[in-house]
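All remarks here apply to the structure that follows.
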Amino acid sequence: VAALSPFRSTAQEALPPPCSALAAAISAGHEAAAAERLGGSARDLLAAMPLGAAVRCAEAVLAQPGADLVRAALLVEQVAHHEDCLAELGTKSEAQTRCTQKLYKMAIHALVVARETAAARAMFERARGVSAGPNSPKGAIAWASMDEVPTVWLSGLRSRKVWDCGNWPFVRRLEDATQLILQDIDSAASRFQTAYPYLTREGAWQDMFLYQGDDWDLSLCEMLPSTCRLLLPELPTKPGIPFATANHEEVVIFRSQPGAYVGDHCGASNAVVNLHLTLRGARGTTLHVAGEEFPLQDGKAFCFQDSFFHAVEHGEGNGERISLVVRVMHPDLTMETYRPSTSTDVVRDFGAWDPAKVLETELVRLRKAFRQLAGAVPRMSSASGAEASAGNCSATDTGGCRMGARGGGLVA
C-alpha cells in the first residue's frame, strides 16, 4: 500500500519528529494520544509542516507494517487538506497531477485494499466536495464513480470497463503470433524481476518492460525480436498527442505463479486502456474489473480501461501464467480533450508543442530501432543454429528465408 504514494522516492528521507511519533502511534492505534502529547491535533501538526514533509509523513504512515489502514487513510486525508496541497487545485489544470487528488487516491486505495468499502465510499464523496479554497467552487476533483479514481482525470473521455479490442487492429496480429512471442519470452526469462510488490497480495508476480516512459529497451528487443517487430511500429499509438503522464503508454510482460493474487489498484489516468493478452496459463485465472469477473483465455486479448479498480487472481495448480500487456492512449484522446489545459506532467507548454517535429522525431526513432533490431536477428540466428530457421524455411528453399509479418522475423 505504501507504494501507492506518488512520492515514494522520498520515503527514505528523514521524517519530522511529530510525523515519526504519529506514524508509530497509528500503527499501535493511539494517534490521538500521541498528538496530544505533541501539543495539538494530528491535523494541526500536519498543517504546520512544509508540504513535502507532510506528504512524506502520509507515505510513512501507509508504510507502517500492520497499520490500521482506516486510521492511516484518514491521516492521509488530513495531508490532502494542507493549505499548499489544496492550492494546486487552483494553480494546476485537470491534465496535471494535483496534490489533493493524488492523496485522496492513495487514501481510497488503502481503504479498498483493506476491504473497507463503506469508508472508501464516504471518502470518495468527501473528495468530490473539495474546493481549492473558501471562495472556490466545489467539485475540483471530477471523478465520476468510486470504481475509478485515477490521479489525473480528463473530462470528456468515455468511461468503459471493457473495450472492444478491435479498436486496435494490431491486437489481432499479437493474438496470431502468440507462440512466436512465447518463444521470445522464454529466451529472455532471466530478465524478469519482481513486479510492484505492494500490489502482490499473495504469491509470485514478475515483470519486464519493453517500452516505458516513451523509450524502448532495445537491448531487450534484441532478445525478443519477433515481439518488437510486431510492436515497434504501433507505439506510441498517437505520436502527435502529448502524454498525460510519464508512462501513458507501455509494453510490459508479466509472469505469475499459481496462487498469486494481485490486489485491487487503478491506473494513473482515465486516458489509458490496457490491452491484456494472456499467452499461457490462463486456465483458472480471473481478471476482476470494478466488481465484475472476467475469466482469461490463452491467446485471447481482453481490453479494459486502466482507471477502473482491477485485480488478477491466478488459480492454484495451473502452471505459470505469461501475459503481454500493452497500455495505450484512450481512443477519444485528442488535443481538444486537453483544452483549456495548457500543459501535462510531461509537456510543460502546449504552445511550444510541435506535432510535426514530434512525428519527424518518431520516424527517426523508428528507423533507428528497426536497424538495430535487424542487426540483432543474424546474431540470434547464428546462436540458435538450424533450430531457429527450421520452422520458417522449407527444406527446398534455396533462395534465402524471408519471414513475413506472421512469421515474426524481419524482411530485409
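The values are calculated or read from the model by the stated rules, or taken from the named source; none is laboratory data. Since we're looking at a predicted model, the values are computed, not measured. In this analysis, Cβ positions are derived from the backbone assuming ideal geometry, glycine residues included, and neighbour counts consider all displayed protein chains. In case anyone asks, the SASA skips ligands and DNA or RNA and just uses the protein heavy atoms, side chains included. Shrake-Rupley method; radii C 1.70, N 1.55, O 1.52, S 1.80 Å.
Against the test of being open to solvent by 30 Å² or more (accessible area, probe 1.4 Å), touching a residue at least 60 places away in the same chain (Cβ under 8 Å), farther than 19 Å from LYS368 by Cβ and not acidic (Asp, Glu), the options ARG229, ARG255 yield a single qualifying residue, ARG255. Of all residues in the stretch 275-291, those that are over 28 Å from MET146 (Cα atoms) have Cβ atoms under 7 Å from Cβ atoms of residues that are in a strand (DSSP E or B), 6 or more apart or on another chain, in LEU279/ILE322; LEU279/SER323; LEU279/LEU324; ARG280/ARG321; ARG280/ILE322; GLY281/ARG321; GLY281/ILE322; ALA282/ARG321. All of (1) modelled with pLDDT under 90; (2) under 28 Å from ASP332 (Cα atoms); (3) open to solvent by 30 Å² or more (accessible area, probe 1.4 Å); (4) not hydroxyl-bearing (Ser, Thr, Tyr) hold for ASN318 with one exception: (2).
Quick check, is ARG327 over 24 Å from ALA142 (Cβ atoms), crowded, with 22+ Cβ neighbours inside 10 Å and basic (Lys, Arg)? Here the answer is no, as ARG327 does not meet what is asked.
Beta carbons closer than 9 Å, at least 6 apart along the sequence or on distinct chains, pair a first residue in the stretch 146-162 that is at positive phi and touching a residue at least 40 places away in the same chain (Cβ under 8 Å) with a second that is in a loop (DSSP other than H, G, I, E, B) and surrounded by fewer than 17 Cβ atoms within 10 Å (Cβ to Cβ) for GLY156/ASP332. Against the numbered list (1) without any contact (Cβ under 8 Å) to a residue 24 or more places away in the chain; (2) buried (at least 21 other Cβ atoms within 10 Å of the Cβ), LEU224 comes up short only at (1). Selection of the stretch 367-387 for residues being at pLDDT 80 or above and surrounded by 11 or more Cβ atoms within 10 Å (Cβ to Cβ) yields only LYS368.
For residues that are open to solvent by 10 Å² or more (accessible area, probe 1.4 Å), more than 28 Å from TRP143 (Cα to Cα) and either hydroxyl-bearing (Ser, Thr, Tyr) or touching a Gly at 6+ places or on another chain (Cβ under 6 Å) (or both), tally how many sit in the stretch 282-308. So the count comes out to 1.
Tally time: how many residues in the stretch 119-135 are over 13 Å from ALA73 (Cα atoms) and without any contact (Cβ under 8 Å) to a residue 24 or more places away in the chain? Residues flagged as over 13 Å from ALA73 (Cα atoms) and without any contact (Cβ under 8 Å) to a residue 24 or more places away in the chain within the stretch 119-135 amount to 5.
Within the stretch 183-221, if we keep just the residues that are acidic (Asp, Glu) and touching a residue at least 24 places away in the same chain (Cβ under 8 Å), the residue that is surrounded by the fewest Cβ atoms within 10 Å (Cβ to Cβ) turns out to be GLU202.
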